[in-house]
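The values are calculated or read from the model by the stated rules, or taken from the named source; none is laboratory data. Note that the structure is predicted; figures quoted are calculated from it, not measured. Backbone-built Cβ (ideal geometry, glycine too); neighbour counts: all protein chains shown. Areas reflect the complete protein model, heavy atoms only, side chains present, ligands, DNA and RNA absent. Shrake-Rupley method; radii C 1.70, N 1.55, O 1.52, S 1.80 Å.
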Amino acid sequence: MGSGEGGEKKALGWAARDPSGVLSPYSYTLRSTGPDDVYIKVICCGICHTDIHQIKNDLGMSNYPMVPGHEVVGEVVEVGSDVSKFTVGDVVGVGVIVGCCGSCKPCSSDLEQYCNKRIWSYNDVYTDGKPTQGGFADTMIVNQKFVVKIPEGMPVEQAAPLLCAGVTVYSPLSHFGLMSSGLRGGILGLGGVGHMGVKIAKAMGHHVTVISSSERKREEAMDHLGADDYVVSSDQAEMQRIADSLDYIIDTVPVFHPLEPYLASLKLDGKLILMGVINTPLQFITPLVILGRKVISGSFIGSIKETEEVLSFCKEKGLTSTIEVVKIDELNTAFERLHKNDVRYRFVVDVAGSNLVEEAATTTK
């Protein structure tokens, strides 16, 4: 990083300090920099439902103070001496992980998100012992391996949700060979991930059925997102209508729900792909799986390679996220609204255009 390589750098972000999840300004020191590191000035950062789980310690593993945010878009302001992928001025993205062991089977197969020694973008500890902090901050330092270039001409606020929500949908479709046109897919839950699921699946030429808990989003799904069908999950007649009809269902619901109705909707060899983070055991009766040779699988975000692919795919197809841009001092309100599912469909924080300095001096650590 030129003469600053290895030097100490300060950052200012918004952090949660306890399981209340309330965020406020927080000043901190970034980890040590190295020859493979990229120093990034954050422009914007998307808000993911996982951020709620983390700031509220829903999974019992939160460490405070915590600066969340893992859909980060920024500008490169310095590069390390061994950085070859990026130059100063590049617009880049950072997703959910910022480190891995580099030698295990997932790492050697370009599937570093499944490395058992992965390092999360925030609420984790880097190899130098420094806590990782996320994208609701003015700057980040990230190893070049975990940075992707944003396609030229793609609006930064549109790119941010693709770094988690977009690649989370794209990855299983790619892995399971579900990218060919003519397939019939289901999207269960029409939130931040679900709405990108509809858009990406339609761009691949799929017949897309949105399955939701109420009629509330029918018009949005059909008229604005381009879904082909809409089914209310509590309507038994409607669920029966789509029985044995779908090649796959992408299940984005992040709370407990029965699996049987959706397994019944799958064709022979159909796949139910779980994406929601749920800490309550799910259940199903085995004949629904056995008699259709159906698959229940999970899928976790995507690799750096797949992130680059989904960015290129969305640029080529002209796909955009449906977002609401907020300032950083609106973070707490945005999290409250997201918890109530009151967002269409992804919040993106305008970090560069926000005032992060207010009250920071009293919260320095």
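Structure summary
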item	result
Within-13-Å neighbourhood charge of Ser212 [Cβ basis; K, R +1; D, E -1]	-4
Rounded accessible area per residue of the chain, 1.4 Å, Å²	42 Å²
Counting DSSP beta bridges with both ends in the chain, the antiparallel % (nearest 5)	60 percent
The chain: calculated mean residue ellipticity at 222 nm from DSSP helix runs of at least 4, using -39500 (n - 2.57)	-5500 deg cm²/dmol
Area of Glu316 that stays accessible when all protein chains are in place (1.4 Å probe, Å², to 10)	140 Å²
With every protein chain in place, the chain: carbon and sulfur % of accessible area (1.4 Å)	51 percent
Candidate lysines for bridging to Lys56, where Cα separation is under 22 Å - those fewer than 8 sequence places away on the same chain excluded	Lys130, Lys327, Lys340, Lys365
Packing rank of 329-335, 339-345, where each peptide gets the mean count of other beta carbons within 10 Å, highest leading	329-335, 339-345
Built amide H within the under 5 Å cut-off of Asp124, gap 5+	Thr132
Angle in degrees between helix 165-175 and the longest Cα principal axis of the chain, rounded to the nearest 10	60 degrees
For region 35-76, diffusion coefficient by Stokes-Einstein and Kirkwood Rh (Cα), 25 °C, 0.890 mPa s, µm²/s	207 µm²/s
Extension gain, Ser108 back to Thr87 (0.36 nm per residue minus Cα-Cα distance, nm)	5.0 nm
Neighbourhood charge, 12 Å Cβ-Cβ cut-off, centred on Val167 and excluding it, Lys, Arg +1 and Asp, Glu -1	-3
Given charges at Cβ of Lys, Arg, Asp, Glu: the chain dipole, positive-most of Gly353, Val310, Val83	Val310
Those lysines that a straight Cα-Cα span of less than 20 Å connects to Lys271, excepting residues fewer than 8 apart in one chain	Lys199, Lys202, Lys294
List Met179, Met154, ordered by accessible area with a 1.4 Å probe, largest first	Met179, Met154
